[in-house]
Amino acid sequence: MVRRVPAAIILDYVHSQWQAFAAHCAANGISLQDWKETELTKALQARLSSAALAGQQPFDGDFIAEHERFELDAATFKPICVSRTDLEWLLSGFPRFTIEFKLLDGTSQLRTRYWRDGLRKFIAAIYAPQSGEAAMWAFLRRPGHTDGEKVMKLVAKRATQLSCATPSNPYIQPSSLAGGIALFDTAHNRGAGPSPLALAHVFTALP
């Protein structure tokens with residue numbers, strides 16, 4: 001019987017593929033410090049796709065990157081892009097597992113983008129509209145090596161604004177969704193889609 005893959009297994013596998021890609025780059029003298037977020041996301045998807053084609057993916061389903069979802073404008077009937085997800089695992093008949101990637105470099109500007117352009121889209125059910133679990137994943141440039149802890153404090157500061165299910169205790173540490181990989185989890189109430197939404201927060205350094 002085909003079953004939905006648990007979030008922990010998906011994230012552990014994506015993390016292992018990312019580590020292998022990063023190690024390969026480092027061994028070949030390639031720095032990822034100046035890569036754009038979309039380049040990193042597509043490179044990771046290419047790694048995942050290559051592993052799947054080689055029969056090395058240990059579970060069913062496909063990973064797709066930079067996936068756009070469209071709706072028709074009520075007046076013009078033209079297509080309007082309503083969301084663009086960075087990486088999704090999908091298997092027919094099951095809710096997709098969405099991973100939203102962000103770059104962090106030690107600046108407050110990018111930490112603001114993390115919650116404003118990432119977290120809030122999950123809360124609004126623009127991302128993961130049919131799933132009760134998902135992940136935020138930050139690539140850390142060297143100046144941002146402590147941004148994971150700063151984001152955790154930021155979430156606590158904005159717990160009510162971010163619709164945290166328990167504002168007085170807004171994050172779960174260690175992570176129960178992806179222990180050993182995610183720095184912490186959060187849970188957010190939503191007006192649409194499964195609620196509360198459980199989010200794993202992963203932070204990985206760029207070579």
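A short reminder: the numbers here are calculations on the coordinates, not readings from a lab. In this text the structure is predicted, and so the values were computed from the model without any measurement. Cβ coordinates were reconstructed from backbone atoms using ideal geometry, including for glycine residues, and neighbour counts include every protein chain displayed.
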Next item on the list: Tabulate in residue order the Karplus-calculated ³J(HN,Hα) for segment 10-25, using 6.51 cos²θ - 1.76 cosθ + 1.60 with θ = phi - 60°, rounded to whole Hz; enter x for Gly and Pro.
Entry: 4, 5, 4, 5, 4, 5, 5, 5, 5, 4, 5, 5, 4, 5, 4, 4
Note to self: Among Phe203, Ala192, Gly144, whose Cα projects farthest towards the positive end of the dipole of segment 118-207, with charges put on the beta-carbon of Lys, Arg (+1) and Asp, Glu (-1)?
What the structure shows: Gly144
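Any chance you could tell me what percent of the C-alpha pair distances in the chain go past 26 Å?
That fraction is 33 percent.
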Note to self: Give the aspartates and glutamates reachable from Lys157 as a straight Cα distance under 16 Å; neighbours fewer than 8 places away on the same chain don't count.
What the structure shows: Asp147, Glu149, Asp185
Check: Nearest 20 debye, what's the magnitude of the dipole of segment 1-142 about its Cα centre given +1 on Lys and Arg Cβ and -1 on Asp and Glu Cβ?
Finding: 300 debye
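Computed over the Cα atoms of segment 1-115, what is the convex hull's projected area averaged over all directions, in nm²?
Seen from a random direction, the Cα hull of segment 1-115 projects 10.2 nm² on average.
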Margin query: Report D for segment 110-207 in µm² per second (integer): Stokes-Einstein, Kirkwood Rh on Cα pairs, 10 °C, 1.306 mPa s.
Written below: 119 µm²/s
Next item on the list: Have a look at the DSSP beta bridges in segment 43-162 and tell me what percent are antiparallel, nearest 5.
Entry: 70 percent
Next item on the list: Among the lysines, select those whose C-alpha is under 18 Å from the C-alpha of Lys150, and discard any that sit fewer than 8 residues away in the same chain.
Entry: Lys102
Next item on the list: Pairs of Cα atoms under 8 Å, at least six residues apart: use those to get the relative contact order of the chain, whole percent.
Entry: 20 percent
Margin query: Below 24 Å, Cα to Cα, which lysines can Lys78 reach? Residues fewer than 8 away in the same chain don't count.
Written below: Lys121
